[in-house]
Amino acid sequence: MMEIRACILIVFFVYQVFCAGAREEAEGDCVPGFQVKKHQVQYDGGFVEGVPLLRVDFNDCAANEEVRFEVSHPDFEVDEERRLIPRRDVIDSGGVLFIHGLNAHSDDMAQVDIVGAPPRSPQTLREILGLGQLPYRKRRSLLVPPMFVPENQRPPFPRAIGMVISADMQDNHVFRLTGRGVDQDPKGVFRIDKLTGEVAVLRPLDREEIAIYHLEVSTTDLSGKVVEGPVALEVSVIDQNDNRPIFQEARYAGEVLEGSPTGTTVMTMTAYDADDPSTENAVLRYFITKQSPDKPSPNMFYIDPERGDIVTVISPTLLDRETLPTTQYELEIVAKDMAGSNVGLSGTTTATITITDKNDHAPEFTHSLFQASVDEGSTGVIVNLTVDDRDDPATGAWRAVYSIINGNVGQNFEVQTNPDNNEGMVSVVKPLDYENTAYHTLLIRVENEDPLVPNVGYGPSSTATVHVTVMDVNEGPVFFPDPMLVTKRENAPVGSFVATLNATDPDILQTQSIRFALLDDPAAWLTVNPVKGTVNTTAILDRESSFVHNNMYSAVFIAIDNGSPAATGTGTLVITLEDENDNPPYLYPGVARICEEAKDLNVMVVGGRDKDVFPNADPFKIELGKLPGLEKTWKVTTVNSTHSQVTLLHSLKRANYHLPLLVTDSGVPQLSNSTEIKVQVCTCKKNKMDCSSAWAVRANLLWLGLALLSVLYL
């Protein structure tokens, strides 16, 4: 019934489309039915139950009451919100759906195209329409059996390989053969007798190139029109054992750990045969034909004939890397097809097996006692410790790791491994003092990077004693404190006392004298008594000197003992200089410019500077010079502790004026400095300032005073 209903929906849809135009004219602006009659949705592998595909727009131009919708596919429906949704998960949707909308006022159809959907099966349009099955087709009259051809056939050619038969063959009909091997590359391999249907091969075939030829046979009339067919013809090439097994590599490499249990897999050999894998021609068997060397046994290894796995046969005790005549064995491996029969073809390769080391031998010192001597105060390697280890030098089972387990109380020593010869290099890293301790005894242990196997341990030979003798040398005097810090006022008189240097000789077991000398005195301000070490001034100390940094002056002294040979030591004296008010302040900048017609009469902001520091510098007092009448034209106003504003009280003519200012610091006693500031009154037009002095009047202080008096008089 569902199929009949779908058929009716399709017919009805055609009818509704045909009548759509007529209804539009008859009913004016509102056209009853689906307002959108064709939709598209994208097929993406199927549709999920309950997930809407689209919303239909249906209007009966009345009240849309009791509208019913039917969908051509039984697994879809239109819900109460007029959404097209699947009733279940749908894969077989087909390429088109029809939606029938119906009530008392309207009866219409909409189409939904499903883009990318596969054809719906098993129902066909004939089945939907209920027309039943197609009439039974009579049996094909063209009989084309499969054919077989052995590869590598020898001439003569052509050779018949089979016959095609047509029960309806007429006198005016001929056979035609097409496909790869006939009219497609490789061309000219097969042909067919047009009258008899006999198929022949024209040359030798190679199964490894093409195993099956897919051809087509048909019958045509004499004009070439196809009467029957085409019918597929499959020609299979029968395999011959014409390919030897091939190993991908001429030489293979594998490893096995010494002492491994019997039956340990070392490696797997794999060969390939291009012949038909479904025949004996490609069934391989593996053999070991030679082992080199053949000691301690000619059969140390075995290869599984079918899988190609090489395993150990020798006992773990004999598989000892240190006792075997070599650590590498070469095996000649043969792979033979035809399941290894005598008539099979074979391929050969070489497998190299390396017996790898495990840490079954502990390192041992060559001597239980080592001697070393070192000068006090020096560092570096003092002795090399030698060890023996029978394991493989290229592995962590041989590489040694040394440690000092006793005697290194002050952490003066360390021991490192020489990577070239595995020796232990004992070094002094913190200088030793003969006067403190003349002899040291170290206990050193050696181990391997890799842990030992469980049944092997480190014995007494893995530890050694090192006796270190410290040699006495003449050590230089040592200043204390270093640096020595003192504070002095600058401008102290020449010859003033600065400090007394203190230096001692570490060689307490010897009686030695010490003399002092200047090593570096950048400003040449100091002298030192060579015996007493007293430091005095030879020049005035100036805190503002370029040799003083952050109020500190540094000088380096040397102390020399009377040993043989003499030894020296150096120390630094740092003098912090306290400031005195010995530098007057000064003003900046020295030049200012102002426009002749400027409304803003603020000329400049001047600032004070002083080489001295607080409290001998700012705050500064900046005021007009003592020349009479300046206060009629100029005004100085304090801005902050270091700057003041210079202002004109009225405009001046274009000229260069020299304004005297007085700046005073805050030191005790106060210091003052008189400075002339050059003020240029310029002509300003179109944002350009012309201060050239072609017709400017250079007014010194006297002329400025006369000009002011003239203005007042007028």
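The values are calculated or read from the model by the stated rules, or taken from the named source; none is laboratory data. Since this is a predicted model, take the numbers as computed values, not measurements. Cβ: placed from backbone, ideal geometry, glycine included. Neighbour counts: every protein chain shown. The area values use the complete protein model at the heavy-atom level, side chains included, leaving out ligands, DNA and RNA. Shrake-Rupley method; radii C 1.70, N 1.55, O 1.52, S 1.80 Å.
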* Structure fact -> Of the conditions (1) outside any strand (DSSP E or B); (2) at negative phi; (3) under 44 Å from the mean Cα position of the chain (by Cα), the single one that Ala351 does not satisfy is (1)
* Pairs only if they're at least six apart or on different chains, beta carbon under 8 angstrom, first in region 198-210 and without any contact (Cβ under 8 Å) to a residue 60 or more places away in the chain, second of a type in the set (Lys, Arg) and open to solvent by 60 Å² or more (accessible area, probe 1.4 Å); list them, first residue then second. => Val199/Arg191; Ala200/Arg159; Ala200/Arg191; Val201/Arg159; Leu202/Arg191; Pro204/Arg154; Ile210/Arg180
* Output the number of residues of region 178-188 satisfying the condition of being within 24 Å of Leu142 (Cα to Cα), open to solvent by less than 70 Å² (accessible area, probe 1.4 Å) and under 55 Å from the mean Cα position of the chain (by Cα). => 2
* For region 543-564, what are the residues that are among the charged types (D, E, K, R) and either in contact with a helix residue (DSSP H, G or I) (Cβ under 9 Å, 6 or more places away or on another chain) or surrounded by fewer than 18 Cβ atoms within 10 Å (Cβ to Cβ) (or both)? -> Glu544
* Structure fact -> For region 72-84 the number of residues that are surrounded by fewer than 19 Cβ atoms within 10 Å (Cβ to Cβ) and either more than 17 Å from Lys37 (Cβ to Cβ) or aliphatic (A, V, I, L, M) (or both) is 7
* **Residue that is nearest to the chain's Cα centre (by Cα) [pool: residues in region 407-422 that are exposed (fewer than 15 other Cβ atoms within 10 Å of the Cβ) and not polar (S, T, N, Q)]** => Pro419
* Answer with yes or no whether Arg191 is more than 25 Å from Asn281 (Cα to Cα), at pLDDT 95 or above and surrounded by 16 or more Cβ atoms within 10 Å (Cβ to Cβ). => no
* **Residue count, region 479-515 (criterion: farther than 20 Å from Thr568 by Cβ, surrounded by fewer than 18 Cβ atoms within 10 Å (Cβ to Cβ) and of a type in the set (D, E, K, R))** => 1
* Just a yes or no: is a residue in region 654-664 open to solvent by 60 Å² or more (accessible area, probe 1.4 Å), of a type outside the set (Val, Ile, Thr), at negative phi and assigned to a strand (DSSP E or B)? -> no
* Asked: For region 503-558, how many residues meet the condition of being under 20 Å from Pro477 (Cα atoms), part of a strand (DSSP E or B), without any contact (Cβ under 8 Å) to a residue 60 or more places away in the chain and of a type in the set (A, V, I, L, M, F, W, C)?
  -> 10
* To do: Could you list, in sequence order, all residues of region 305-340 that are surrounded by fewer than 20 Cβ atoms within 10 Å (Cβ to Cβ), under 11 Å from Arg285 (Cα atoms) and touching a residue at least 60 places away in the same chain (Cβ under 8 Å)?
  => none
* Asked: Give me the pairs: first residue in region 443-463 and without any contact (Cβ under 8 Å) to a residue 40 or more places away in the chain, second residue open to solvent by less than 70 Å² (accessible area, probe 1.4 Å), beta-carbon distance under 7 Å, and six or more apart or on different chains, which are they?
  -> Leu443/Gly407; Leu443/Thr463; Leu443/Thr465
* Filter region 194-233 for residues that are open to solvent by less than 80 Å² (accessible area, probe 1.4 Å), closer than 16 Å to Pro150 by Cα and either part of a strand (DSSP E or B) or of a type in the set (Asp, Glu) (or both) and give the result. => Val199, Ala200, Val201, Asp206, Glu208, Ile212, Tyr213
* Asked: Consider His100 against the criteria (1) part of a loop (DSSP other than H, G, I, E, B); (2) open to solvent by less than 30 Å² (accessible area, probe 1.4 Å): it satisfies all of them except one. Which criterion is unmet?
  -> (1)
